[in-house]
Amino acid sequence: MQKDFSAWKDWVGPASGRINQLSMKIPGGSVDPNMAEFFSEAQAVENRMIRAITGAQMSAQEAARIKNQLPTVIDKPEVFMAKLKATQRNLVEIISAMQISNMGSAPTTRPASGGRIRYDTSGNRIP
């Protein structure tokens, strides 16, 4: 997701993020497909992390607490990047804990790609 920060830093932010979210919902408007893909992946990161942390169920309070840690398109670009890096570190810890708890049994995690677009920690798209 960190794909070329210089490209997507203008898509996120308190004003830009909201304007771009709205522009993608207006019928007949032109939408940058890369921006639409980025916004979709940003939401997918949130969904995957919540599922990884909670399993499937959570209270409204827990959901709010978790969401505050995750990057959103309305965060300032620098905050988005900091939250994204923290999210990646947290995911590594979650996967490690899952692997330790599942030692001796079949892994319960899905393949990393899950059919989604992925980016490495340098922001490059993984084919």
Inset, instruction - Look through the range 4-22, keep the residues that are of a type in the set (A, V, I, L, M) and in a loop (DSSP other than H, G, I, E, B), and return whichever of them is farthest from the chain's Cα centre (by Cα). - result: 15
Legend entry - From the options 41, 37, residue that is in contact with a Lys or Arg (Cβ under 8 Å, 6 or more places away or on another chain) and in a helix (DSSP H, G or I): 41
Inset, instruction - Determine whether the range 47-55 contains at least one residue that is modelled with pLDDT of 85 or more and in a loop (DSSP other than H, G, I, E, B). - result: no
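To keep it simple, each residue is scored yes or no on (1) over 10 Å from the mean Cα position of the chain (by Cα); (2) under 30 Å from residue 96 (Cα atoms).
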site	(1), (2)
26	yes, no
30	yes, no
39	no, yes
45	no, yes
49	no, yes
52	yes, yes
63	yes, yes
66	yes, yes
69	yes, yes
Legend entry - Qualifying residue in the range 23-33 (condition: modelled with pLDDT of 85 or more, in contact with a helix residue (DSSP H, G or I) (Cβ under 8 Å, 6 or more places away or on another chain) and either of a type in the set (D, E, K, R) or in a helix (DSSP H, G or I) (or both)): no
Legend entry - Pair list, Cβ under 9 Å, 6 or more apart: the range 8-29 residue free of Cβ contacts under 8 Å to residues at least 24 places away in the same chain, other residue exposed (fewer than 10 other Cβ atoms within 10 Å of the Cβ): 23/29; 23/30
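The values are calculated or read from the model by the stated rules, or taken from the named source; none is laboratory data. Note that the structure is predicted; figures quoted are calculated from it, not measured. Note that each Cβ is placed from the backbone with ideal geometry, even for glycine, and that neighbours are counted across all protein chains shown.
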